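Presented below is the structure to which this report refers.
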Amino acid sequence: MKLTFYGVRGSIPAPGQAFIRYGGNTACVHIELNDGTDIILDAGTGIKALGAKLADKSNPIHLLLTHNHWDHIQGFPFFAPIYQAGRTIYITPGKTQLPEQDAVLRQMTGSYFPVHYQDLPANIQLCPKAAQLSSWHLGSACISRIAINHPGGGSSYLIEADGARIAYITDNELYPPYQKATAFLDWVKFAADTDLIIHDAQYQQADMPKKAGWGHSVAEEAVKLAMACKAKRVALYSHDDIRTDDEIDAIQQHCRDIIQIGQMNIDLFAAYEGMQIDFDKV
């Protein structure tokens, strides 16, 4: 199994010299299973570069969406495979509070985009039934989901395949001021003993309490979850759009210091565009 980060920002893309090392594109992660199955987590602006790579293949693509906020679907209209005749793309929508399973397609209607989704040559299949399931099989992988703590709702995913377990938990507020969809101990059970947790770390303590309830976690909280799960690795993800490379460096070091003080053997890093993990070589 290989995992590649194509977009790691939250809220809105972050262009400019201060954001080059970690990248400015919004949420998108690609997983390629050993059997050749392509799984994409979210369709932020990072999916555009991924599409250029996948356009050279012909196999079906499986897109798993967490929710419908713009930074998680805004790259889809620029995803090259949707313009390939005969290409099959399966879309699993996040389990949001409002039943808007086709939101990723409806952004390509009316005055929003010049190409209507019904005119796309690819064979695009929405899988709303999968959005209601807690687990299912996809290729050689077992996919599980649990609700995120985020305004409007949504889903996180656990992908188990090729002897590896990856938890993708973004736009998740571990300690929200509103009623939790998923409590901390349920997150621990969901992501226990994972090889990698990718978790929202958009905010710092200095952002609170102003941004409490906005649906994102403080970086130290993601570390606490990884430690409780006894994860092997944790990726800080959904970097705030105002967070410069140097500031992310400092957050990464601070979180590593917490792990060292806790005497835990966890490899922590701040995710960056282009970063690839080959789980067969870990």
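The values are calculated or read from the model by the stated rules, or taken from the named source; none is laboratory data. Remember, it's a predicted structure, so these values are computed and weren't measured experimentally. Cβ: placed from backbone, ideal geometry, glycine included. Neighbour counts: every protein chain shown. Accessible surface areas use protein heavy atoms only, side chains included; no ligands, DNA or RNA. Shrake-Rupley method; radii C 1.70, N 1.55, O 1.52, S 1.80 Å.
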Given unit charges at Cβ for Lys, Arg (+) and Asp, Glu (-), the dipole magnitude of the chain about its Cα centre in debye, nearest 20, is 420
The Cα extents of the stretch 125-201 along the principal axes, largest first and rounded to whole Å, are 39, 30, 18
Given all pairs of distinct Cα atoms, the stretch 1-150 yields a Kirkwood Rh in Å of 15.8
Computed over the chain, the convex hull of the Cα set has an average projected area, in nm², of 14.3
Once all protein chains are kept in place, ILE261 shows an accessible area at probe 1.4 Å, nearest 10 Å², of 140
In the stretch 1-66, taking the dipole from +1 charges on Lys and Arg beta carbons and -1 charges on Asp and Glu beta carbons about the Cα centre, the listed residue (PHE19, LEU63, ALA49) farthest towards the positive end is PHE19
Quick calc, the stretch 144-195, dipole around Cα centre from Cβ unit charges on Lys, Arg (+) and Asp, Glu (-), nearest 20 debye, gives 200
In debye to the nearest 20, the charge dipole size for the stretch 40-158, taken about the Cα centre with +1 at each Lys and Arg Cβ and -1 at each Asp and Glu Cβ, equals 200
Over 18 Å (Cα to Cα) among LYS189/LYS230; LYS95/LYS230; LYS189/LYS232; LYS180/LYS211 -> LYS95/LYS230
Of the accessible area of the stretch 154-201, computed with a 1.4 Å probe and all protein chains kept, carbon and sulfur make up a percent value of 52
What the Cα atoms of the stretch 157-263 span along the principal axes, largest first and in whole Å, is 39, 32, 25
accessible surface per residue for the stretch 64-211, probe 1.4 Å, DNA/RNA/ligands not counted, whole Å² -> 44
Length gained if HIS116 through PHE269 is fully extended, taking 0.36 nm per residue and subtracting the Cα-Cα distance, is 51.1 nm
D (µm²/s, integer) via Stokes-Einstein for the stretch 66-158, Kirkwood Rh across alpha-carbon pairs, 10 °C, 1.306 mPa s: value 112
Convex hull around the C-alpha positions of the stretch 93-137: the volume in Å³ per residue is 83
Highest mean packing first, using Cβ neighbours within 10 angstrom, the peptides 48-56, 234-242, 118-126 sort as 234-242, 48-56, 118-126
Excluding residues fewer than 8 positions from LYS57 in its own chain, the lysines with Cα under 17 Å of it are LYS2, LYS48
